[in-house]
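To start, the structure itself, in structure tokens.
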Amino acid sequence: RLGRISVPELKARKGGEPIVCLTAYTTPMARRLDPHVDLLMVGDSLGMVLYGFDSTLRVTLDMMVAHGAAVRRGSERACLVVDLPFASYQESPEVAYRAAARLMAETGCSAVKLEGGREMAPTVAFLVARGIPVMGHVGLTPQSVNMLGGYRARGRDPEQREAITADAVAIAEAGAFSLVVEGVVEPLARAITQRIAIPTIGIGGSPACDGQVLVIDDLIGMFDSFTPKFVKRYAEIGDQVAAAAIAYAADVRARRFPAKEHLFGTET
Ligand code: KIV
Ligand code: NA
């Protein structure tokens, strides 16, 4: 194919072949993931997995611009979505537009993602009407960790299930092209998927969702401060990095490294 998978193409995948998404934050990682996924998400999870923050609240728009542009340079096929970080969009639709427009212009992404439900629906409509595709994000929304009191799964009681369903419906009706459903009980993610006309992307959701996303550093065992229940580890790259450092340290201490083939001016 020529060019990237587009927002309308993804929207048309509702109920079809599952949409494969992963996060990416850097050019070399984007290069390795791009051929194999439909969508690369530059998530504000980078604050936790790359920068060591204990939440996503300290992530800035400048950080998202820098990492979004890096992922764009490392990809050519996947649709690229960049997160609006905390405090860059909640204040008003106009403030959200300015932040989203900056992400689009300076990273070349195809869409932005923002967290929130009914209260954000007017903002979603405002952006979409002005040419900025929006992906929604409901359920366990990490930017609201101080309101939620932690990262526990949501939707265990009927009031929460009704609230999250109303949020999902509002964001879909406001014109979002797809919706991340994070950290909710499985029957709720399934019911939301059946209820709304746009693709749902699950993370701690349901296999019934129209797509799945995971944080790449979780998937490959690079981030292990904690591992949420919904993560499946497909590799142990963190262990390999440690093993490489151990082997290098032993070589240096034993003067085995550098060896002849690494040296200049010793050819004979
Ligand atoms: O920040 C992030 O990585 C995300 C996805 C996991 C949905 O929001
Ligand atoms: Na995020």
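Every number in this text was worked out from the coordinates using simple rules, so none of it is lab data. The structure presented is a predicted model; accordingly, all values stated were derived computationally and were not measured. When we count neighbours, we look across all protein chains shown, and the Cβ atoms used for this are built from the backbone with ideal geometry, even at glycine.
Structural remarks
- The eigenvalues of the Cα gyration tensor, multiplied by 5 and square-rooted, give the range 91-230 an equivalent ellipsoid with semi-axes of 24, 19, 14 Å from largest to smallest.
- Other residues within the sphere of radius under 11 Å centred on the Cβ of ARG233, judged by their own Cβ, net out at -4 (K and R +1, D and E -1).
- Taking the DSSP bridge list for the chain and keeping only pairs wholly inside it, about 5 percent are antiparallel.
- Descending semi-axes in whole angstrom, ellipsoid equivalent of the range 1-143, from the Cα gyration tensor: 22, 19, 14
- Built from the Cα atoms of the chain, the convex hull projects on average onto 17.4 nm², one quarter of its surface area.
- Within the straight-line cut-off of under 21 Å between alpha carbons, the lysines reachable from LYS14 are LYS113, sequence neighbours fewer than 8 places apart in one chain being disregarded.
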